[in-house]
Structures are given as C-alpha cells and as structure tokens.
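K.L.:
Right, I'll just put the structure down here and ask away after.
The values are calculated or read from the model by the stated rules, or taken from the named source; none is laboratory data. None of these values were measured; they are calculated from a predicted model. Glycine gets a Cβ as well: all are built from the backbone with ideal geometry, and neighbour counts include every protein chain shown. We work out accessible area using only protein heavy atoms, side chains counted, and drop any ligands, DNA or RNA first. Shrake-Rupley method; radii C 1.70, N 1.55, O 1.52, S 1.80 Å.
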Amino acid sequence: GAMDDFAGDAPWAAHKKDIQVVALSGNVSTIGAGAFADYDAIVAVDFGRALQEIGTAAFKGCDGLTTISLPDTFRRFGEESFYSCGNLTEIHCDGGMPSFNQNCLWNTWAKIYFPEERPWPLVHIQQLEEAFKGRIEFLASDGSDPYVPTEPEETEEETVPEETAAPTTVPPTTEAPTQAPTE
C-alpha cells in the first residue's frame, strides 16, 4: 500500500548516512513525501512491482543516485520528487507516460527512457522539454529519439542518360550512307 508522508524525519533517519540501497518489497504503491530527502549515500533504488507514485520531495537532493528504473505500474512523479539530484542522469520508465508534477526533476539533468513499443505522445513530450528548458531529454529504450524532426530525404531527379534520352528536336535529314555497315 501507500507509505506514510513524513513532515519531519522518517523512522530510518538515524541511518541516513549508511543507507545505500532502498528496496521496496511487497506491494508498496506510494513512496511518502520526504521519505529519503537528502540521503546522499543512496546509490540504488529497487522500486518493486507495484509502485504508482513517488511523493513530494521523496528523493530530493539524493546526489548518490545516477540511474533509476520505474516499473510499468508507475504513474506520477510528485512535486520535487527528484529535485536537485545532481548526478541522476538516467530514468527508465517501463510503462505509459506518468505525470510530471511541478519541479519534480528541477535542477536535474536526465535522459528519460520509455518503452520503444509504446511511445509517449509527442505533444506532451514537447511541452515537457520546453518546460524543463533542455534539462531532460526523452528517448526510446533503444536510445533512439523519435521526437527529433527528421529532414525529408533528398530525392535526386531521375535523369535519363543522354544517349537514351528522347531527342528534343528532330535532327535534319541526312543522306543515306554510301557504304554498308560491317560487322
């Protein structure tokens, strides 16, 4: 189920400098607000299989995070959920497009990967890329960027070699050859 929100310290705050890996087991569907804010020692998070939402400032300022993978059940980045995670460069989302609440990835420069077989709507991607002013980039899981406009392929005008081209003018009539052709 849903994890509680934490206005102050979470129950595990005494181990803040020691926690390197967070593993959500069972059916944790929501990470509570402030649950791991400023836990710089965290380098990996296993979000489990049921996560739907990451709460407000849940991982704010976690500079140890570099890559995260979210399950296909994930639907919402809470406000400031990964705010100022300076080393977070890759976010892998296995499901449909989640909602990105205010400042969820502010001061974070990351590539967000979505399933190539289920591309996210272009209009929403463009809005987000504009809103984040180039700090985030959206790519398919194979690394391709289907949102970059492609230049139309240049097609060469089909030309016919001169010797086989139809004449544009009729040549003047000449006299018949005086000699038979030799083979």
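K.L.:
Restricting to bridges with both residues inside the stretch 1-98, how much of the DSSP beta-bridge set is antiparallel, in percent to the nearest 5?
P.N.:
Working: 0 of 12 bridges.
That works out to approximately 0 percent antiparallel.
K.L.:
Give the long-range amide H neighbours of Ala44: residues separated by 5 or more places, or on another chain, with amide H under 5 Å away, using H modelled in the peptide plane at 1.01 Å from N.
P.N.:
Val22
K.L.:
If amide hydrogens are placed 1.01 Å from N in the peptide plane, which non-local residues have theirs closer than 5 Å to the one on Ser29?
P.N.:
Excluding prolines and chain starts, which carry no amide H, the hits are Ala2, Met3.
K.L.:
While we're on this one: Let me have the relative contact order for the stretch 5-71, percent, based on Cα pairs under 8 Å that are six or more residues apart. Mind dumping the intermediate values first?
P.N.:
Details: 140 pairs, mean separation 23.4, N = 67.
With pairs under 8 Å counted, the relative contact order is 35 percent.
K.L.:
Apply 1/(1 + (r/R0)^6) to the Cβ-Cβ distance of Asp40 and Ser144, taking R0 = 35 Å, and write down the FRET efficiency to the nearest 0.05. Don't skip to the answer; put the middle values down first.
P.N.:
On the way: r = 33 Å, r/R0 = 0.95.
Efficiency, from the Cβ-Cβ distance: 0.55.
K.L.:
What is the packing order of peptides 78-89, 8-19, taking the mean over residues of other C-beta atoms within 10 Å and listing the highest first?
P.N.:
Values: 78-89: 20.3, 8-19: 12.1.
Those peptides, ordered most packed to least, come out 78-89, 8-19.
K.L.:
Can you work out ³J(HN,Hα) from phi for every residue in the stretch 87-95, in order, using Karplus 6.51 cos²θ - 1.76 cosθ + 1.60 and θ = phi - 60°, giving whole Hz and x for Gly and Pro?
P.N.:
Per-residue couplings from phi come out as 9, 6, 10, 9, 10, 9, 10, 8, x Hz.
K.L.:
Could you go through the stretch 137-146 in sequence order and give the Karplus-derived ³J(HN,Hα) for each residue, using 6.51 cos²θ - 1.76 cosθ + 1.60 with θ = phi - 60°, rounded to whole Hz, and x for Gly and Pro?
P.N.:
Listing the rounded values in order: 9, 9, 9, 6, 4, 8, x, 7, 10, x Hz.
K.L.:
Sequence-distant or interchain residues sharing an amide H contact under 5 Å with Lys111, placed H: which?
P.N.:
Glu90, Ile91, Glu137
K.L.:
Then there's this: Relative contact order for the stretch 71-112 using alpha-carbon pairs under 8 Å, separation at least 6, rounded to a whole percent? Provide the component values of the computation, followed by the final result.
P.N.:
On the way: 80 pairs, mean separation 22.4, N = 42.
This gives 53 percent for the stretch 71-112.
K.L.:
Take the Cβ-Cβ distance between Asn27 and Lys133 as r, set R0 to 30 Å, and report the resulting FRET efficiency rounded to the nearest 0.05.
P.N.:
Values: r = 37 Å, r/R0 = 1.23.
Efficiency, from the Cβ-Cβ distance: 0.25.
K.L.:
Taking Cα pairs under 8 Å and at least six residues apart, what relative contact order does the stretch 19-125 come out at, in percent?
P.N.:
On the way: 301 pairs, mean separation 22.6, N = 107.
RCO, the stretch 19-125: 21 percent.
K.L.:
Counting only the heavy atoms of the protein chains, how much of Val21 is accessible to a 1.4 Å probe, in Å² to the nearest 10?
P.N.:
90 Å²
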